[in-house]
Structure formats: C-alpha cells, structure tokens
Amino acid sequence: MTVMGCLFAGGAGRRLGGMDKALIELSGSPLWRCATHRIAPMVGEMVVTGRTAPGWRKAVPGLVFVPDFQPNGGPIGPAGGLLAALEHGLLQNGPESFLLTVPIDAPFFPVDLFEQLSAGRGSARAALAETEFRLQPTFGLWSCALTPDVHACVEQGKFALHAIADHVGAAKVRFQVEEEAFLNINTPEDLQRAEVRAGLLGRS
C-alpha cells in the first residue's frame, strides 16, 4: 500500500500576526521541520498543500508542493488541501494508495499516527483521530479512491473535514494520549504551551 504524507500549510496565521506558521520556531526549530521529521518515517512520499509554494520545501528532499483547490478563487480551509492532495495521489499512485494528513503547526502528533489509524480503520475508506474530548479532523487517513466523493462534497459547499468524513463513512479512532499531543499552534498562548511541553519532553 502506497502512503503519501500530506502537510496542510494553507492557514493564514491571523491570530499570530499573519506570520507563516510553518516558520515559527519551537525550541529553535521551525514547525515545518518538526512536522516533516515526525511524519517522514510513516510515509513513502510527502506533499505540502497551501495557497502558495513555501520556500522551505526545497530543504525537504522529495517534498512536492500541491496548490490548494480553490473552487471560486478563494481558500476553503483544509478541505482544499485534502482534495488537491487526493487528486495528486490518485494520479500518481492510483486508487489503492492512501493519504495521511497532518497540519503543519502540530509538532507533537503521535509517532504511530499511521499505525493506529490504519489498524482502527477496519473496512472504512477513511479514518480520523479523536481523543477523549474531541475529534481531530486534520489528522486523518484517506483512501485516494475517495477523490470523487470529496470533490462532490466540495462542490456542494461542504468544506468542514468532519462533515466530509461523515459523508464518506470515515471511522473514528480513539487515541489514548493527552490532548496536547494534537496541539495546533494558532495563538501566542498555544506557542507558550508548546514551549512548555517541548521543555518537559526534552527533560524526560
């Protein structure tokens, strides 16, 4: 089974002063490096999605930029990245391939993310991570055969990943981890929390 990693990098970072979140440093390392190093052992190839090609992609061997799908010339959130990456995966690797998605601003996601999602997927063609308290829709495993279904959702204006997942019958896979494992850095406060966690992990 071919598995392609997909890094969602289309966010505007408005709550962080409009800064490109991929370039924010955590313990001296940019978030793009944290995410790519963490997902790389789980996948055979990687793509990054977004509105424009990031300059840092050249520092990651083999990383391919796939522009977000923008049906009306404007961003539609992670759904635009998901659809674009699925179309790319279907074209490059066929309908038997899968897409493992993570956001670029999440430095602590489980190192066995693919293993758990794959095991918990069962016969479903997609699976999303969830914790005790909430669904984590940007962390998912999607069959590239779902490309037409996801395209139909987007055409209907259904842009929320959880709604798309429900439409295609995605499994929900419970991760027995603390909520911080899926922390997204969206605000200065999130960055402070991440620095604290990184410090604790570094001392453990």
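The values are calculated or read from the model by the stated rules, or taken from the named source; none is laboratory data. The shown structure was predicted, so the numbers you read here are calculated from the model rather than taken from an experiment. So basically every Cβ, Gly included, is an ideal-geometry build from the backbone, and we count neighbours across all protein chains shown.
Looking at segment 18-27, is at least one residue part of a loop (DSSP other than H, G, I, E, B), surrounded by fewer than 23 Cβ atoms within 10 Å (Cβ to Cβ), of a type in the set (Val, Ile, Thr) and in contact with a strand residue (DSSP E or B) (Cβ under 8 Å, 6 or more places away or on another chain)? Break it down stepwise before answering.
Initially, segment 18-27 is screened for residues part of a loop (DSSP other than H, G, I, E, B), giving 18-20, 24, 27.
Then drop every residue that is not surrounded by fewer than 23 Cβ atoms within 10 Å (Cβ to Cβ), which leaves 18-20, 24, 27.
Those left that are additionally of a type in the set (Val, Ile, Thr): 24.
Still in the list and also in contact with a strand residue (DSSP E or B) (Cβ under 8 Å, 6 or more places away or on another chain): 24.
Scanning segment 18-27 turns up at least one residue that is part of a loop (DSSP other than H, G, I, E, B), surrounded by fewer than 23 Cβ atoms within 10 Å (Cβ to Cβ), of a type in the set (Val, Ile, Thr) and in contact with a strand residue (DSSP E or B) (Cβ under 8 Å, 6 or more places away or on another chain).
All of Ser123, Ser143 fail the test of being among the polar types (S, T, N, Q) and closer than 14 Å to Cys6 by Cβ, apart from Ser143. Any residue at all in segment 108-116 that's without any contact (Cβ under 8 Å) to a residue 60 or more places away in the chain and within 15 Å of Gly10 (Cβ to Cβ)? No, that holds for no residue.
The requirement of being of a type in the set (Lys, Arg) and surrounded by 14 or more Cβ atoms within 10 Å (Cβ to Cβ) is fulfilled somewhere in segment 104-123, by at least one residue. The set of residues in segment 155-181 that are at pLDDT 95 or above and in a helix (DSSP H, G or I) comprises Leu161, His162, Ala163, Ile164, Ala165, Asp166, His167. Kindly establish whether Pro95 is within 14 Å of Met4 (Cβ to Cβ), touching a helix residue (DSSP H, G or I) at 6+ places or on another chain (Cβ under 8 Å) and part of a loop (DSSP other than H, G, I, E, B). The answer is yes for Pro95.
For segment 98-106, check the following and say yes or no: at least one residue is of a type outside the set (A, V, I, L, M, F, W, C) and more than 16 Å from Ala35 (Cβ to Cβ).
To start, the set of residues in segment 98-106 that are of a type outside the set (A, V, I, L, M, F, W, C) comprises 101, 103, 105.
Checking the rest, the ones that are also more than 16 Å from Ala35 (Cβ to Cβ) come to none.
No, that holds for no residue.
The set of residues in segment 34-44 that are surrounded by fewer than 17 Cβ atoms within 10 Å (Cβ to Cβ) and touching a residue at least 12 places away in the same chain (Cβ under 8 Å) comprises Ala40, Pro41, Gly44. When the criteria are applied in full, Val66 meets the requirement of being of a type in the set (A, V, I, L, M, F, W, C) and under 15 Å from the mean Cα position of the chain (by Cα). When segment 36-54 is limited to residues that are touching a helix residue (DSSP H, G or I) at 6+ places or on another chain (Cβ under 9 Å) and modelled with pLDDT under 95, the one that is nearest to Glu115 (Cα to Cα) turns out to be Gly50.
Per-residue answers, yes or no, for (1) among the β-branched types (Val, Ile, Thr); (2) part of a loop (DSSP other than H, G, I, E, B); (3) touching a residue at least 12 places away in the same chain (Cβ under 8 Å):
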position	(1), (2), (3)
Ala129	no, no, yes
Ala145	no, no, yes
Asn186	no, yes, yes
Gln192	no, no, no
Arg197	no, no, yes
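Which residues, taken from segment 103-125, are touching a helix residue (DSSP H, G or I) at 6+ places or on another chain (Cβ under 6 Å) and outside any loop (DSSP other than H, G, I, E, B)? Passing the criteria: only Phe114.
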